[in-house]
Amino acid sequence: MAETRSCEFGISGMKRAAAADSFEVDDEIFVAKKSMLPTLAVAPAAWENDPAASLAGLRHEFGEHGGINMSIEASATFTVMEPETMRRMFTGELGPDRDFFIYSRHFNPTVLNLGRQVAALEGTEAAYCTASGMAAISSVMLQLCSSGGHVVASATLYGGTHALLTHFLPRTCNITTTFVDITDHEAVKNAIVERRTKVLFFESISNPTLTVADIPELSKLAHDKGTMVVVDNTFSPMVLSPARLGADVVVHSISKFISGGADVIAGAVCGPASLLNSMMDLHQGALMLLGPTMNAKVAFELSERIPHLGLRMKEHCRRALEYATRMKKLGIRVVYPGLEDHPQHHLLKSMANKGYGFGGLLCVDMESEEKANRLMHHLQNSSQFGLIAVSLGYYETLMSCSGSSTSSELNSEEKALAGISPGLVRMSIGYTGTLEQKWSQFERAISRMEVDSTLFNKN
């Protein structure tokens, strides 16, 4: 067999003590029988300066035959040399931390490598990659909450997450949620019931209204009452680092900015190794038993894209700020955290990692769905500025009317509470073409809308 090589650039290969493999969840101790996930040992100074430095400090996995890219381990199951080894693996004595693998629903070397990258990106001890972002969120909530559990969550969330908390978890698990304005810290504090509320859940930058959460203050409020903080950082990888700011767990839909290609569905859970190991427990682990397994070929694809995520995010954010600034000068009602008149502009500036900007999404409020649809029609079909599609983080600009698409799970009252107007158009700004070329396409679409309005008024 050809030699397998790796560079030891910051992953601890030591097995942790058993005491480190427990995590208190819902008044019980879920004990991982082994240190299943290798933990990160990234130098704090490197992480505090830049998440890209943390990624660069990660060990590089070479291919089986010396290739500069790691090999794809596409096997569903793994063999051992001796029958006794199998028994030791199932008792937890031997595990992935020592390169022993059983079955890819449990652990897979290629998927674990991606997990190390995502953990380095978010500055957490460990990460586990899943088949989708919703799989990541659902698994975390089911691990941290038991029947009768309580969650406090932002009223402004992705529609799928809102539906999970509003409908699915109460019906199937008797887990209830109180929704609050995440910017009203007194309301958040009052909603958290000590010893009952297990999770405070919010998005770092909300979907779709682009409200910025005060992660340090919210984390302190929750921790003072013994509540864990789970943050969805899908909108702002590289820009914000919730774990560094006080959050316990960070979740991602990797399908978005991290992927960048709109061609895969994937997610991730980032947090303490003790929690991730508990989620992989053979008897009590949500990830282990629900099986939201990422395909190794998908993991390989994503691992090749993470090294240039920082460059992509900088360009997404640079163009978003420039477009938002120009739109505002045209008198368009635009929402973007990089604009100084955004309510949380200075908050985001104080929390953000330097050099990455203020996010790659902006919103244009056209007031009515009819006007929003006309704008998107011209932006796509008259000028080719972008594509009418859900999702985000693609290299082309994507746009959708949130109230009738990605937030359609919310009823009218819930949309009003979340601040989602009928004409709110969410734009994920791409980076293809030159900035001036794309801006001229935007202006052309606006001109066509003005012509349409003139004709309509005459009639």
Ordering PHE179, PHE235 by the accessible surface of their heavy atoms, 1.4 Å probe, largest first, yields PHE179, PHE235
Please work out the Cα convex hull volume for the chain and give it in Å³ per residue. 144 Å³
Have a look at the range 345-425 and give its Rg and Dmax from the Cα atoms, expressed in angstrom. 14.5, 40
What does the charge dipole of the chain about its Cα centre add up to, to the nearest 20 debye, if the Cβ of each Lys and Arg holds +1 and the Cβ of each Asp and Glu holds -1? 620 debye
Just how many pairs of Lys in the range 176-299 have C-alpha atoms closer than 15 Å, counting pairs that are eight or more places apart or on different chains? 5
Quarter of the surface of the C-alpha convex hull for the range 111-183, i.e. direction-averaged projected area in nm², equals 5.7 nm²
With everything on Cα atoms, drop me the angle between helix 309-329 and the longest principal axis of the chain, reported from 0 to 90° to the nearest 10. 20 degrees
Rounded to 5, the percent of DSSP beta bridges in the chain classed as antiparallel: 60 percent
Of all beta bridges DSSP finds with both residues in the range 158-288, what is the antiparallel percent, to the nearest 5? 40 percent
Find the relative contact order for the chain and round it to a whole percent, using C-alpha pairs within less than 8 Å whose residues are 6+ positions apart. 15 percent
Carbon and sulfur together cover what percent of the accessible area of the chain at a 1.4 Å probe radius? 53 percent
Please work out the ratio of the alpha-carbon Rg of the range 290-434 to 2.2 N^0.38 Å and round it to two decimals. 1.14
Equivalent-ellipsoid semi-axes (√(5λ), Cα gyration tensor) for the range 111-247, whole Å, largest first? 22, 18, 15
Just to confirm, what accessible area per residue do you get for the range 187-276 at 1.4 Å probe, in whole Å²? 25 Å²
What ranking do 246-255, 391-400 get when scored by the average of other Cβ atoms within 10 Å per residue, highest first? 246-255, 391-400
Between LEU311 and LEU417, what FRET efficiency follows from the Cβ-Cβ distance if R0 is 30 Å, with the result rounded to 0.05? 0.20
Starting from a Cα-only point model with no solvent, please compute log10 I(q)/I(0) by Debye for the range 264-305 at q = 0.25 1/Å. -0.91
Got a sec? Charge dipole of the chain, +1 on Cβ for Lys and Arg, -1 for Asp and Glu; which of GLY285, ALA445, GLY160 is way out at the positive end? ALA445
Once you wrap a convex hull around the alpha carbon atoms of the range 227-368, what is its projected area averaged over all directions, in nm²? 11.2 nm²
Grab the Cα-Cα distance for ARG196 and LEU290, subtract it from 0.36 nm times how many residues apart they are, and report the gain in nm with one decimal. 31.4 nm
For LEU330 paired with ASN373, estimate the spin-label separation in nm (one decimal), with each label point 7 Å from Cα along the Cα-to-Cβ line. 2.1 nm
Along its principal axes, what span do the Cα atoms of the range 193-289 show, with the longest given first and each in whole Å? 42, 37, 21
Report the far tail of the P(r) of the range 273-342, meaning the percent of Cα-Cα pairs longer than 17 Å. 67 percent
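The values are calculated or read from the model by the stated rules, or taken from the named source; none is laboratory data. Model, not experiment: these values are computed from the prediction. Note: ideal-geometry Cβ built from the backbone for every residue, glycine included; neighbour counts use all protein chains shown. Please note that ligands, DNA and RNA were not included when accessible areas were found on the heavy atoms of the full protein model with its side chains. Shrake-Rupley method; radii C 1.70, N 1.55, O 1.52, S 1.80 Å.
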